[in-house]
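The values are calculated or read from the model by the stated rules, or taken from the named source; none is laboratory data. Source: prediction; values computed, not measured. Quick reminder, even Gly has a Cβ in these numbers, built from the backbone with ideal geometry, and neighbours come from all protein chains shown. Surface accessibility is based on the protein's heavy atoms, side chains included, excluding ligands, DNA and RNA. Shrake-Rupley method; radii C 1.70, N 1.55, O 1.52, S 1.80 Å.
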Amino acid sequence: MELKPLHITNAQLVGADTPRAGSLLVVDGRIAALDPAEIPDGTETVDAKGQWLAPGIIDLGVFATDKPAFHFGGITRAALMPDNGPLDGAGLVERAAKGGKPDLWVHPLAAATKGLAGKELAEIGLMKQAGARAIATGRARIADSGVMRRVLAYAASLGLVTIIHAEDEGLTAGAVATDGEMATRLGLASAPAIAEAIAIARDLALVEETGAPVHFRQVTTARGLELIRAAKAKGLPVLCGITPAHLLLSDTAIGDFRTFARLSPPLRSEDDRHACLAAIADGTIDILASGHDPRGPEDKRLPFAEALPGMAGAETLLALGLGLVRDGHISPGRLFELLAGTPACLLGVDAGKLAVGKEADLILVDEGTPWQVDAKKMAAWAGNTPFDGMPVQGRATMMWKGGLRIR
Amino acid sequence: MTTSTLRPASDYPPGGDAFRHRHLIGIAQLTPWEISYVLDAAEQWVDLNRSGAAKHDDRLAGLTIINAFFENSTRTLLSFEIAGKRLGADVVNMHAAQSSVKKGETLIDTAMTLNAMRADAMVIRHGSSGAVQLIADKVDCPVLNAGDGRHEHPTQALLDALTIRRRLGRVEGLTIAICGDVLHSRVARSNILALTLLGNEVRVVAPPTLTPPAIDRMHVTTFTDMDEGIRDADVVMMLRLQNERMDGAYLPSAREYHALYGLTEKRLEKAKPDAIVMHPGPMNRGVEIDSNVADDPVRSTITEQVEMGVAVRMACLDILTRRKRGVAGWN
């Protein structure tokens with residue numbers, strides 16, 4: 001199919017801190033010019049009517065390829081966690097990478113160890129050849145420090161970032177919540193919040209030793225963020241991320257045993273939540289992701305401790321991120337660095353920015369449209385959102401993947 | 001500080017029901033006057049139960065009560081069964097061990113099945129915190145929590161409050177030490193809620209490994225030294241220590257636990273001279289409590305607690321089925 005050039009006019013281009021008025025030209029699936037002086041013949045023109053034009057969201061660390069939810073949420077690329085499968089072989093990675101094309105690109109994250117068991121190195125090199133863009137430890141960390149050290153060194157030699165889940169398994173064994181008044185009142189087994197900082201501290205020491213680049217997928221506590229901040233000041237190759245849930249909710253959300261608020265890592269105290277907001281404002285946190293993990297009633301309509309952790313987050317990611325902008329925590333430009341720019345760098349993909357030569361993964365955002373999150377009417381295949389009923393603002397109104405209109 | 005056991009009617013809120021709940025899920029949902037209302041209502045059942053041969057009242061005649069116990073229990077199940085039968089209800093027991101729960105049916109499906117059998121009340125025990133609430137949200141009849149995980153065991157707290165009130169003349173302004181495995185205990189949580197709500201000073205006495213995090217936020221003071229914790233207490237409430245806690249993960253051994261936290265005659269001297277000793281049962285004699293303390297007829301209330309249990313459960317079943325029975329003023 002011949003792709004016609006595309007000219008998006010009358011848009012607010014999101015790049016610098018505040019969006020600026022402008023237009024953008026796409027030729028052959030790539031961004032050809034910003035504010036083009038000449039328009040080729042046969043160009044299709046789209047009037048953005050003053051909406052924001054932003055890079056498509058690159059959602060780093062989802063647990064399912066859930067195209068309707070991603071498209072609703074303005075997500076053009078998703079980095080798939082290796083847990084389902086698990087993705088520990090080249091064939092599986094290759095298949096997962098083809099999962100969404102052409103209108104959604106899935107970048108599989110390869111399992112760091114065979115079967116994600118944390119014991120033996122997986123065939124990371126072969127999986128890289130098959131399309132893996134980074135490796136991940138999955139829903140848990142690698143408990144054995146010796147194995148972790150070898151994984152980091154090996155992945156680094158292949159130019160891959162290791163994506164880490166940071167919780168100390170000794171402290172969190174059996175726990176379904178963070179230590180605190182709420183867990184105690186509900187009678188839920190809980191673990192101290194320092195389980196995160198302990199795990200981060202070990203891995204930072206290994207990073208310092210091996211020089212391997214890492215990304216802590218979710219850092220959710222004040223002490224964990226302090227460690228990251230110090231490591232960055234030292235110049236270590238460290239990134240960290242978070243989901244909107246840990247920025248906007250504390251463990252009071254699990255009151256009434258709401259299993260939709262059962263997450264991994266669990267929701268933290270209000271103090272930790274404020275530390276997360278401060279860290280996203282001061283630049284300690286690099287990536288905002290949905291952690292999209294749709295779970296049906298068979299996994300969620302259970303007593304709290306028996307329910308599986310996870311939330312359907314892809315549809316609410318953009319709106320909740322815009323809420324952070326509206327509340328003055330971050331600028332629009334920074335939001336899309338968190339949602340697209342930095343994830344693109346980590347994965348080594350040529351997208352995530354409104355710049356000439358980048359892939360034309362684009363979204364138009366009406367940043368003011370109010371709507372209400374409704375767990376019963378989600379595009380995701382399960383509606384397990386902890387934000388059920390919340391009024392939010394902003395949504396993606398049009399979407400292009402590689403210059404091809406998909407919504 | 002008042003010493004009267006019965007609160008005047010003026011203590012209850014004007015208008016509406018004296019007990020505004022469809023279910024009894026936990027003490028956390030109750031107000032002080034609702035607790036007092038249940039205790040007052042239980043008194044008449046204590047009298048009936050002691051009245052000789054014919055211990056029968058037929059106010060629940062024709063109603064079906066299902067006791068669904070997803071976790072093993074002897075005394076609580078028996079207590080609820082007797083309570084229901086003394087009020088004339090048809091009582092059916094369901095044990096998880098012989099039910100389809102073991103075959104993989106979800107809890108909600110089991111609840112819907114029981115609901116379809118048109119029970120007029122359900123009494124539920126489950127090993128997972130919050131499970132009883134989950135069922136209560138899905139069924140059409142009143143649900144009584146007979147213990148859910150580590151969360152709540154409200155009838156136990158009510159019967160403990162009634163026992164204290166009858167023994168000491170009041171259940172307010174007292175110093176009450178709750179001792180033992182508080183971390184894993186729903187009895188402790190419900191009692192902390194009820195006893196603090198009624199205006200007592202509650203202490204939690206436990207090894208640090210068995211003290212719940214942030215428990216001080218429930219308005220209790222914590223002690224790791226048993227002698228300190230029970231000093232000048234009016235009530236020493238012991239908790240059962242489950243055997244699996246003594247294998248080294250939480251405690252080094254049963255004998256060390258007994259040495260540091262076991263309630264002996266000598267240790268009890270630290271409490272007030274007329275202090276009472278409570279235990280929800282079943283006891284580990286020689287571990288958390290010595291036999292001569294447990295069997296002391298003056299200080300130990302252990303059998304009285306069992307007796308009050310039946311009366312309190314009769315009161316709860318009566319109160320929660322009043323709407324269904326069309327009792328005047330309850331709608």
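Please work out which one of (1) at pLDDT 95 or above; (2) open to solvent by 20 Å² or more (accessible area, probe 1.4 Å); (3) of a type outside the set (Lys, Arg) is the condition B:GLY329 fails and give its number.
Here B:GLY329 meets the rest and fails (1).
Go through the stretch B:260-331 and tell me which helices (runs of 4 or more DSSP H), entirely inside it, have 2 or more residues that are touching a residue at least 40 places away in the same chain (Cβ under 8 Å). Explain how you work it out, then say what you get.
Details: elements: B:265-268, B:291-294, B:302-320, B:322-325.
Where helices (runs of 4 or more DSSP H) fall fully within the stretch B:260-331 and carry at least 2 residues being touching a residue at least 40 places away in the same chain (Cβ under 8 Å), they are B:302-320, B:322-325.
Here is a list: B:LEU198, B:LEU239, B:LEU251. Which entry is under 20 Å from B:ASP148 (Cβ atoms) and of a type outside the set (S, T, N, Q)?
Values: B:LEU198 fails: under 20 Å from B:ASP148 (Cβ atoms); B:LEU251 fails: under 20 Å from B:ASP148 (Cβ atoms).
Answer to the selection: B:LEU239.
Which condition does A:ALA136 not pass, out of (1) touching a Ser or Thr at 6+ places or on another chain (Cβ under 7 Å); (2) crowded, with 24+ Cβ neighbours inside 10 Å; (3) over 15 Å from A:PRO237 (Cβ atoms), if it passes all the others?
(1)
For a quick check of your reading: which helices (runs of 4 or more DSSP H) sit entirely within the stretch B:76-189 and have at least 1 residues that are more than 14 Å from chain A (Cβ to nearest Cβ), under 29 Å from B:TRP330 (Cβ atoms) and open to solvent by less than 10 Å² (accessible area, probe 1.4 Å)? Step through it out loud before you land on a result.
Values: elements: B:107-116, B:131-136, B:154-168.
Of the helices (runs of 4 or more DSSP H) lying wholly inside the stretch B:76-189, those with at least 1 residues that are more than 14 Å from chain A (Cβ to nearest Cβ), under 29 Å from B:TRP330 (Cβ atoms) and open to solvent by less than 10 Å² (accessible area, probe 1.4 Å) span B:154-168.
If you go through the stretch A:384-400, how many residues are under 18 Å from the mean Cα position of the chain (by Cα) and not aliphatic (A, V, I, L, M)? I'd like the intermediate steps shown before the answer.
Step one: list which residues in the stretch A:384-400 are under 18 Å from the mean Cα position of the chain (by Cα), which gives A:384-387, A:395-396.
Now restrict to residues that are not aliphatic (A, V, I, L, M): A:384-387, A:395.
The number of residues fulfilling the criteria is 5.
One line per residue, one yes/no per condition, for (1) farther than 22 Å from A:ALA314 by Cα; (2) within 14 Å of chain B (Cβ to nearest Cβ):
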{"residue": "A:GLY211", "(1), (2)": "yes, no"}
{"residue": "A:VAL214", "(1), (2)": "yes, no"}
{"residue": "A:PRO244", "(1), (2)": "no, no"}
{"residue": "A:ALA261", "(1), (2)": "no, yes"}
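So B:VAL220 clears everything in (1) of a type in the set (A, V, I, L, M, F, W, C); (2) open to solvent by less than 30 Å² (accessible area, probe 1.4 Å); (3) away from chain A (no Cβ under 14 Å) except one condition, right? Which one?
(3)
Regarding the stretch A:216-223, can at least one residue be identified that is touching a residue at least 24 places away in the same chain (Cβ under 8 Å) and touching a Phe, Trp or Tyr at 6+ places or on another chain (Cβ under 9 Å)?
The answer is no, given that none of the residues of the stretch A:216-223 is touching a residue at least 24 places away in the same chain (Cβ under 8 Å) and touching a Phe, Trp or Tyr at 6+ places or on another chain (Cβ under 9 Å).
For the stretch A:159-174, give me each residue that is away from every other protein chain (no Cβ under 14 Å) and either within 18 Å of A:THR259 (Cα to Cα) or in contact with a strand residue (DSSP E or B) (Cβ under 9 Å, 6 or more places away or on another chain) (or both). Don't jump to the end; show me each part of the working.
Filtering the stretch A:159-174 down to residues away from every other protein chain (no Cβ under 14 Å) leaves A:159-169.
Within the stretch A:159-174, A:LEU160, A:VAL161, A:THR162, A:ILE163, A:ILE164, A:HIS165, A:ALA166, A:GLU167, A:ASP168 qualify.
Scan the stretch B:240-259 for residues that are open to solvent by less than 50 Å² (accessible area, probe 1.4 Å) and within 14 Å of chain A (Cβ to nearest Cβ) and jot them down.
If the condition is that a residue be open to solvent by less than 50 Å² (accessible area, probe 1.4 Å) and within 14 Å of chain A (Cβ to nearest Cβ), then B:ARG245 is the only one that fits.
Looking at A:ALA193, A:ALA177, A:ALA189 in this structure, which one is within 14 Å of chain B (Cβ to nearest Cβ), among the small types (Gly, Ala, Ser) and in contact with a Phe, Trp or Tyr (Cβ under 9 Å, 6 or more places away or on another chain)? Working first, answer last.
Values: A:ALA193 fails: in contact with a Phe, Trp or Tyr (Cβ under 9 Å, 6 or more places away or on another chain); A:ALA189 fails: in contact with a Phe, Trp or Tyr (Cβ under 9 Å, 6 or more places away or on another chain).
Answer to the selection: A:ALA177.
Just to be sure before I move on: is B:ALA311 open to solvent by 50 Å² or more (accessible area, probe 1.4 Å) and of a type in the set (A, V, I, L, M, F, W, C) in the structure I sent?
On the way: open to solvent by 50 Å² or more (accessible area, probe 1.4 Å): no; of a type in the set (A, V, I, L, M, F, W, C): yes.
No.
Which residues, counting only those in the stretch B:24-43, are farther than 17 Å from A:ARG185 by Cα, of a type outside the set (Asp, Glu) and more than 13 Å from the chain's Cα centre (by Cα)?
Those that are farther than 17 Å from A:ARG185 by Cα, of a type outside the set (Asp, Glu) and more than 13 Å from the chain's Cα centre (by Cα): B:PRO32, B:TRP33, B:SER36, B:TYR37, B:ALA41, B:ALA42.
Does B:ALA249 fit the bill of being modelled with pLDDT under 95 and outside any helix (DSSP H, G or I)?
Values: modelled with pLDDT under 95: yes; outside any helix (DSSP H, G or I): yes.
When the stated conditions are applied, B:ALA249 passes them.
Within the set of pairs 6+ apart or on separate chains, which have a first residue in the stretch B:46-70 that is within 15 Å of B:CYS141 (Cα to Cα), a second that is open to solvent by 40 Å² or more (accessible area, probe 1.4 Å) and of a type in the set (A, V, I, L, M, F, W, C), and C-beta atoms under 8 Å apart?
Qualifying pairs under 8 Å: B:THR64/B:VAL92; B:THR64/B:MET117; B:ILE65/B:VAL92; B:ILE66/B:VAL92; B:ILE66/B:MET117; B:ASN67/B:VAL92.
Out of curiosity, is A:VAL392 in contact with a helix residue (DSSP H, G or I) (Cβ under 6 Å, 6 or more places away or on another chain), at pLDDT 95 or above and surrounded by fewer than 22 Cβ atoms within 10 Å (Cβ to Cβ)? Write out each step before concluding.
Values: in contact with a helix residue (DSSP H, G or I) (Cβ under 6 Å, 6 or more places away or on another chain): yes; at pLDDT 95 or above: yes; surrounded by fewer than 22 Cβ atoms within 10 Å (Cβ to Cβ): yes.
Taking the combined requirement at face value, the residue satisfies it.
Does the stretch B:194-210 hold any residues that are open to solvent by 30 Å² or more (accessible area, probe 1.4 Å) and either within 10 Å of another protein chain (Cβ to nearest Cβ) or part of a loop (DSSP other than H, G, I, E, B) (or both), and which are they?
The one that is open to solvent by 30 Å² or more (accessible area, probe 1.4 Å) and either within 10 Å of another protein chain (Cβ to nearest Cβ) or part of a loop (DSSP other than H, G, I, E, B) (or both): B:GLY199.
Being in contact with a strand residue (DSSP E or B) (Cβ under 7 Å, 6 or more places away or on another chain) and free of Cβ contacts under 8 Å to residues at least 60 places away in the same chain is the filter here, so list the residues in the stretch A:262-279 that pass it.
A:CYS276
Suppose we filter the stretch A:298-313 for residues that are more than 14 Å from chain B (Cβ to nearest Cβ) and in a loop (DSSP other than H, G, I, E, B); how many remain?
Within the stretch A:298-313, the subset more than 14 Å from chain B (Cβ to nearest Cβ) is A:309-313.
Filter once more, so that each one left must be in a loop (DSSP other than H, G, I, E, B): A:309-310, A:312-313.
Summing the residues that are more than 14 Å from chain B (Cβ to nearest Cβ) and in a loop (DSSP other than H, G, I, E, B) in the stretch A:298-313 gives 4.
For A:ILE198, which of the numbered conditions (1) within 14 Å of chain B (Cβ to nearest Cβ); (2) β-branched (Val, Ile, Thr); (3) closer than 22 Å to A:GLY291 by Cβ fails to hold?
Unmet condition: (1).
Pick from B:ALA54, B:ALA28, B:ALA42: which is out of contact with any strand residue (DSSP E or B) (no Cβ under 6 Å at 6 or more places or on another chain), at pLDDT below 95 and not acidic (Asp, Glu)? Break it down stepwise before answering.
Numbers: B:ALA28 fails: at pLDDT below 95; B:ALA42 fails: at pLDDT below 95.
Of B:ALA54, B:ALA28, B:ALA42, the one residue that is out of contact with any strand residue (DSSP E or B) (no Cβ under 6 Å at 6 or more places or on another chain), at pLDDT below 95 and not acidic (Asp, Glu) is B:ALA54.
List the residue pairs whose Cβ atoms are under 6 Å apart, where the first residue sits in the stretch A:249-261 and is on the phi > 0 side of the Ramachandran plot, the second is open to solvent by less than 30 Å² (accessible area, probe 1.4 Å), and the two are 6 or more positions apart or on different chains.
A:PHE257/A:PHE304; A:PHE257/B:GLY130
Which is at pLDDT below 95, surrounded by fewer than 21 Cβ atoms within 10 Å (Cβ to Cβ) and either small (Gly, Ala, Ser) or part of a helix (DSSP H, G or I) (or both), of A:GLY368, A:GLY333?
Working: A:GLY333 fails: at pLDDT below 95.
Result of the check over A:GLY368, A:GLY333: A:GLY368.
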